[in-house]
1. Taking the range 30-62 only, how many residues are surrounded by 10 or more Cβ atoms within 10 Å (Cβ to Cβ) and outside any helix (DSSP H, G or I)?
2. I'd like the full set of residues that are among the charged types (D, E, K, R), within 45 Å of the chain's Cα centre (by Cα) and open to solvent by 70 Å² or more (accessible area, probe 1.4 Å), limited to the range 1-25.
3. Return yes when Gly100 is under 25 Å from Trp146 (Cβ atoms), open to solvent by less than 70 Å² (accessible area, probe 1.4 Å) and at pLDDT below 90 and no when it is not.
4. For the range 8-48, give me each residue that is within 9 Å of the ligand (Cβ to nearest atom) and of a type outside the set (Asp, Glu).
5. With the structure loaded, tell me whether Val65 is part of a loop (DSSP other than H, G, I, E, B), of a type in the set (A, V, I, L, M, F, W, C) and open to solvent by 50 Å² or more (accessible area, probe 1.4 Å) or whether it fails that test.
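The values are calculated or read from the model by the stated rules, or taken from the named source; none is laboratory data. These numbers were taken from a predicted model, which means no experiment stands behind them. Note that we place each Cβ from the backbone using ideal geometry, even for glycine, and neighbour counts take in every protein chain shown. Areas reflect the complete protein model, heavy atoms only, side chains present, ligands, DNA and RNA absent. Shrake-Rupley method; radii C 1.70, N 1.55, O 1.52, S 1.80 Å.
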Amino acid sequence: MNPDVHARACHLIDAGQVEGISAAEREWLDAHLAECPACGARARASEHALQALRSNTVIVDPALVSTTQARVRWRARQLRENQARLRALWISCGLSWLLGAVTAPLLWEAMAWLGRQFELSPAIWITGFALFWVAPATLVGALVAWRQARSSSVGNTPEAWER
Ligand SMILES: [Zn+2]
């Protein structure tokens, strides 16, 4: 028998169990299965495999279940922590901007006074004002980066949560 005929039968067996086949294809397949033991065995094996899947008797390793649960818990905790951290960051950014806006004129006056007292050129005390202005944001940025590096390296891995 032509090997293409068996390949067509295999394709129709699979298609018949998934998306369905036409009546003419079903008729052709049934005729072929009646006279071809190899394709008949394949059709029965495929049917058995599908029955096993439908009966839903898949046994999962308990270790795999607990590992998966631990990873899900770890990920949920990580998301909650990130959310809380982000909220705290926005609040501190808002406060920082507010304080910066309120204190900027005072800081400007203080730097100008220092510049006059020590007879500094305006370039120096204006640079000092700018550095003083960016110092808090730089400090907070460094702190956030340090905390993230620490939390990702010390005891906050999914493996640590599986124990
Ligand atoms: Zn065949």
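1. So the count comes out to 1.
2. Arg8, Glu19, listed by residue number.
3. yes
4. Step one: list which residues in the range 8-48 are within 9 Å of the ligand (Cβ to nearest atom), which gives 8-10, 32-33, 35-40, 42.
Answer for the range 8-48, where residues must be within 9 Å of the ligand (Cβ to nearest atom) and of a type outside the set (Asp, Glu): Arg8, Ala9, Cys10, His32, Leu33, Cys36, Pro37, Ala38, Cys39, Gly40, Arg42.
5. Working: part of a loop (DSSP other than H, G, I, E, B): no; of a type in the set (A, V, I, L, M, F, W, C): yes; open to solvent by 50 Å² or more (accessible area, probe 1.4 Å): yes.
In short, no.
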